[in-house]
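One structure below.
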Amino acid sequence: MKDGPTFLVTGASGLVGRQIARDLAESCRVYSGYHATRPDVGIPTKMDISRHDEIESAIQRTRPDVIIHCAAITDVNLCEKEKELATRINADATGAIARQAAKTRAFLLYMSTDYVFDGMQGMKKESDMPNPVNHYGATKLEGEKKVQEAARKWAIARICVPYGTHPTRRDYLAKMLEAAARGAESYALVDQFISPTYLPNLSRMAIEIGTRQIAGLVHLAGSTRISRYDMASKFAQRLSLDPKLLRPAKMSEMKSWTAKRPHDTSLDTSKAAKILKERPLGIGEGLDLYARQLRQKL
């Protein structure tokens, strides 16, 4: 029998949720919440979070000590096109989960986003005022408010551009690697700045917050502010990709975007570095680990 608290991870088939559930399953009992795609880690737990009765049933049935809520619609353009759906999933369902967490006295960790900020100035601290510029960011901010209103014991983690491996999902670095294998070009933005986060590092920080039940708002991201283009360039160097296949682009050229994007959503992670044993990694260390991970799969 595994020691430690029992966890419920929503969105356990997604990029972030699967990594967290996978890491938890090594030492804890973890229920892996899903809607359509059955998770390959933890104890698969069916729950359609658009239905509040299913949320109540799943939480009452599993009785977790800790809930890590990762499930969300993260497609920024889709959120802009389907605003009612995005609000129902990202905000209303989060409120329902928070209420059930309060009823069962579970600690709730809500995974939020850097997109709660307008991007006018980067390296945002937890105390800075949110001001989302698109509906995705607005729904995630509304989710934050619902957690604070309804949950008894809670933490909110704002994350930024997680990168890492997944059986079916590809981050933009993995897509660039696949394109390079075909001799195809990839484009990366020179004028959008982020705090990219190595997925296993993010997972360990989130698990530490859940296990220790560290309450409050915290930015869980990489410690480096960098443009998407410079990140892609460093990644290409580590895997000896042809630099000519990486082309610079500007946000103004992204004609397929339905939703507005913020220019700079880099996050100040000094609080996480202070309160956590698992420190936020810089871009060099994170990319080194990711490149090593990818080489093992090639």
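Things worth noting here:
- Lone unmet requirement of (1) among the basic types (K, R); (2) in contact with a Gly (Cβ under 8 Å, 6 or more places away or on another chain); (3) over 25 Å from D171 (Cα atoms) for R51: (2)
- Subset of region 228-284 (residues that are of a type in the set (D, E, K, R), open to solvent by 70 Å² or more (accessible area, probe 1.4 Å) and more than 19 Å from the chain's Cα centre (by Cα)): D230, K234, D242, K244, R247, K250, E253, K255, K260, K274, K277
- Some residue of region 117-124 being of a type outside the set (S, T, N, Q), buried (at least 24 other Cβ atoms within 10 Å of the Cβ) and assigned to a helix (DSSP H, G or I): no
- Considering the conditions (1) out of contact with any helix residue (DSSP H, G or I) (no Cβ under 9 Å at 6 or more places or on another chain); (2) touching a residue at least 60 places away in the same chain (Cβ under 8 Å); (3) open to solvent by 30 Å² or more (accessible area, probe 1.4 Å), G14 is excluded by exactly one of them, (3).
- Tallying residues that are surrounded by fewer than 17 Cβ atoms within 10 Å (Cβ to Cβ) and not in a loop (DSSP other than H, G, I, E, B) within region 171-200 yields 4.
- Set S112, S27: member being polar (S, T, N, Q), open to solvent by less than 40 Å² (accessible area, probe 1.4 Å) and not in a helix (DSSP H, G or I): S112
- Pairs are defined by a Cβ separation below 7 Å, a sequence spacing of at least 6 or placement on different chains, a first member in region 91-114 that is in contact (Cβ under 8 Å) with a residue 60 or more places away in the chain, and a second member that is of a type outside the set (A, V, I, L, M, F, W, C) and surrounded by fewer than 24 Cβ atoms within 10 Å (Cβ to Cβ); the pairs so defined are A106/D65; F107/D65; F107/K153; F107/Q213.
- Criterion applied to D40, D53, D48, D3 was being acidic (D, E), touching a residue at least 40 places away in the same chain (Cβ under 8 Å) and at negative phi, and the one residue passing it is D40.
- Counting the residues of region 30-43 that are assigned to a loop (DSSP other than H, G, I, E, B) and open to solvent by less than 60 Å² (accessible area, probe 1.4 Å) gives 3.
- For W154: the one exception among (1) modelled with pLDDT of 95 or more; (2) within 16 Å of the chain's Cα centre (by Cα); (3) outside any helix (DSSP H, G or I): (2)
- For region 44-89, filtered to residues that are surrounded by 22 or more Cβ atoms within 10 Å (Cβ to Cβ) and in contact with a His (Cβ under 9 Å, 6 or more places away or on another chain), the residue that is farthest from L108 (Cα to Cα) is C79.
- Residue list for region 201-222, filter: within 15 Å of K277 (Cβ to Cβ) and either part of a strand (DSSP E or B) or of a type outside the set (V, I, T) (or both): N201, L202, S203, R204, M205, A206, E208, G210, R212, Q213, V218, L220
- Residue check for K146: of a type in the set (K, R) and open to solvent by less than 10 Å² (accessible area, probe 1.4 Å): no
- For G122, the conditions (1) at pLDDT below 95; (2) farther than 26 Å from A21 by Cβ are fulfilled apart from (1).
The values are calculated or read from the model by the stated rules, or taken from the named source; none is laboratory data. Please read all numbers here as calculations on a predicted model, not as lab measurements. Please note: Cβ atoms are built from the backbone with ideal geometry, for glycine as well, and neighbour counts cover all protein chains shown. Heavy atoms of the whole protein, side chains included, go into the accessibility calculation; ligands, DNA and RNA do not. Shrake-Rupley method; radii C 1.70, N 1.55, O 1.52, S 1.80 Å.
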